[in-house]
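Reviewing the structure listed below.
No lab work stands behind these numbers, since they all come straight from the coordinates. Keep in mind that what you see is a predicted model, and the values were worked out from it rather than measured. Quick reminder, even Gly has a Cβ in these numbers, built from the backbone with ideal geometry, and neighbours come from all protein chains shown.
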Amino acid sequence: MSYTENGEFSFSHENIQQDFSLLTSALDASISGIIITDNQLPDNPIIYCNRAFELMTGYIRKEIIGHNCRFLQREDRNQQVREKLREDISAGKHSIVEIRNYKKDGTLFWNELYVSPIKNKDGVTTHFIGVQNDVTRRKKAEQELERERELIEKKVIERTERLKASQDYMDSIVQTVRESLIVLDRDYRVLSVNEHFLRTFKVNKAETEGKLLYELGNGQWNIEALKELLEKVLPTNNPVLDFEVEHDFPHIGNKLMLLNAHRIELEGEYKDRILLAIEDITDRRAIERRKDDFLSIASHELKTPLTTIKGYIQMMNRFMPDTATDKFKEIVAKTGQFVERLSNLISELLDVSRIQTGNMELHRKMFDFDEMINETVDGIQSASKTHQIIIKGTKLGNYYGDESHLIQVINNLLSNAIKYAPNTETVELHKSLVSDFLKVSVIDKGMGISHDEQKKIFERFYRVSEIQTKYPGMGIGLYVCDQIIKNHGGTLWVDSEKGKGSNFSFTLPLKERAEND
Amino acid sequence: MTKKKVLICDDDKGILEMLELALEDENINIITEPNSLNLYKLIEEEKPDLLLLDLWMPVLSGDQILKNLRGHTNTRHLPVIVISASTDGEQIAKESGATDYVAKPFDVDVLYSKINRLMSA
């Protein structure tokens, strides 16, 4: 078998029959559908189809031969590729198109159609060879791919928008907060700052972002305490909260700042960035100080006339005529009681205001704890005729703390014990050493405190409900005690059962004593 | 037994009057002075056995006076009890060299016994 020219076979003369059958077999073995149409007959009918064409279309040979191949398109006649096909064919060129065809049972398949014209010596197209491949699966995959791509594209756009919105949202939060925020990279270079920072420190973005923190504004941020925080504290102690820094800035003056620093530990782009939040507490602290000053002055001024009144009441008792009636004596006694109450209220008010602003300073010094207890108990004992205070337990020795504050605690616990155990005769004060703590318990056999109320009695202004009407006071005594013990590094708590009495105990760490001895 | 002299300096006249009444007895002679500026002169003239001294007074405060007294030979050992309504009164009193301290409002009997103890010592 040999080729001569385009599309023409040259048969060996001896075995035409055999060669033809071989060729037909070859065509039938092809997995591509192959047809030949006769262009010289009207409507270019199919004159040959191979086996693969039958399998591909579902039609059998007798349903194919004689038809124009457009029957495969059924009603789907408006496919644009037909234009291209027609143009190529009329120009006598071969053509490749992908066209939608329909099998005999109506199912769609994508036909990759290759049409090649066969011309005679005179250049007239006599036949067409059509080679078809069912590319439905590829086409489907392509379409799916396309759909997938569109979907992803849409998602990406959506996500980007969402991200942008969320970024804008975060940004607006960051810009709105009335606290200065700085983001630093690991080398303490400023990546960004918020509006409040710019306003507070009277700088602009350009002279801030991208600069080293310590070099900002001619080194006005080169603050030893801040360096310490960022370079020493933060690496081992992340995050750092409420780090107080005071600094005199050249233009804006002295600022008291509360710093919160947080190093990003997440792996990735943001790792090791440092978020620094700066709260300017200069004004707040000044106001607190003014308030404390005011309260100090007010309490001083209130106590002054009170001193006189108290003295005169004592004089009244001293000069009480023998002829005075019991009623008159009681009136004087009551006056004394209420002056005492007024005096306590004034002291308490000042205490609680100081604690609230965290300005209750401890004046620590070494003192004899047992002697302090003895003296305090003596003081209370001399004023209480109803109860006997019994001191038990071990010697506690010297303690390094604020004696006057601790006297206040013991006083408060003892007078509470007496006040709330009206029908008993003794109150016990028990001293012990437990591990590296000293422990003091004040035990009464009085009315006790219900479980619910035990938690609340250390709150400010809380008073056990049924007590409120019977016993006067502002209800801040235990709150103050609790704060004093906490300031010393100890704890104050109560064990109590309703109707059986209460046991108020506190511990104080002795470590302080060892360190300061 | 000669009468002991107690000088009281407080800018609040109510307290001075009350203390005069409360502390006076056959053994004690009370002198009161509301103006702290007159105090040095008064101490020189009267040579009191004890001084009761307020802290917060206009112009010249108690702790300033006290520090000054402690700096002079004649008054270095004069017993001084500081009386104050200030919350940090005790601290200030001790730092300024007070012999004793009594917080206002005080118990007159406590003050009286402290005065007597210091003067008999």
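Brief remarks follow.
- Under 17 Å from the Cα of A:K154 - aspartates and glutamates, other chains or at least 8 residues apart: A:E144, A:E146
- Quotient of the Cα radius of gyration of the range A:243-372 and 2.2 N^0.38 Å, N being its number of residues: 1.89.
- Structural descriptor for the range A:177-280: relative contact order 27 percent, calculated from alpha carbon pairs under 8 angstrom and at least 6 residues apart.
- Using C-alpha pairs under 8 Å with a sequence gap of at least 6, the mean separation divided by the residue count of chain A gives a relative contact order of 6 percent.
- At 1.002 mPa s and 20 °C, Stokes diffusion of the range A:177-280 via Kirkwood alpha-carbon radius, µm² per second: 156
- Across the range A:250-356, Cα pairs under 8 Å and at least six residues apart give a relative contact order of 22 percent.
- Helix screen, chain A: DSSP H segments with Cα axial length of 27 Å or more and mean Kyte-Doolittle hydropathy at least -0.5 are A:326-356.
- Semi-axis lengths, largest first, of the ellipsoid equivalent to the protein assembly as shown are 109, 31, 21 Å, with √(5λ) applied to each eigenvalue of the Cα gyration tensor.
- Label-point separation, A:H430 to A:Q80 (7 Å along Cα→Cβ), nm: 9.7
- Distance between the C-alpha centres of the range B:76-121 and the range A:390-404: 25 Å, rounded to the whole angstrom.
- Shown here for the range A:33-99: trypsin sites (Lys or Arg not before Pro) in loop regions (DSSP other than H, G, I, E, B) with at most 13 other Cβ atoms within 10 Å, namely A:R74, A:R77, A:K93.
- Measuring against 25 Å, Cα to Cα, the residue pairs A:K164/A:K202; A:K310/A:K500; B:K5/B:K104; A:K385/B:K3; A:K227/A:K365; A:K255/A:K365 contain A:K164/A:K202; A:K310/A:K500; A:K385/B:K3; A:K227/A:K365; A:K255/A:K365 as the ones spanning a longer distance.
- Low-density loop cleavage sites - trypsin sites (Lys or Arg not before Pro) in the range A:391-432, where at most 12 other Cβ are within 10 Å (DSSP): A:K395
- HN-Hα J in Hz across the range B:42-51 - Karplus 6.51, -1.76, 1.60, θ = phi - 60°, x for Gly and Pro: 5, 5, 4, 6, 8, 6, x, 8, 7, 10
- With the simple spin-label model, which puts each label point 7 Å out from Cα in the Cβ direction, the A:D122 to A:L108 separation comes to 4.4 nm.
- Taking 0.890 mPa s as the viscosity and 25 °C as the temperature, the Stokes-Einstein diffusion coefficient of the range A:111-258 based on its alpha-carbon Kirkwood radius rounds to 114 µm²/s.
- Shape class of chain B from the alpha-carbon gyration tensor: rounded, with the ratio a/c of largest to smallest axis under 1.5.
- Longest stretch of chain A clear of exposed loop sites (GluC sites (Glu not before Pro), DSSP loop, at most 12 other Cβ atoms within 10 Å, sites excluded): A:76-206.
- Computed E for A:T323/B:D109 - FRET, C-beta separation, R0 25 angstrom, nearest 0.05: 0.60
- Where chymotrypsin sites (Phe, Trp or Tyr not before Pro) in DSSP loops with at most 13 other Cβ within 10 Å are excluded, longest remaining stretch of chain A: A:1-269
- In this structure the amide hydrogen of A:I34, modeled in the peptide plane, comes within under 5 Å of the amide hydrogens of A:N50, A:A52, A:F53, A:Q132, none closer than 5 places in sequence on its chain.
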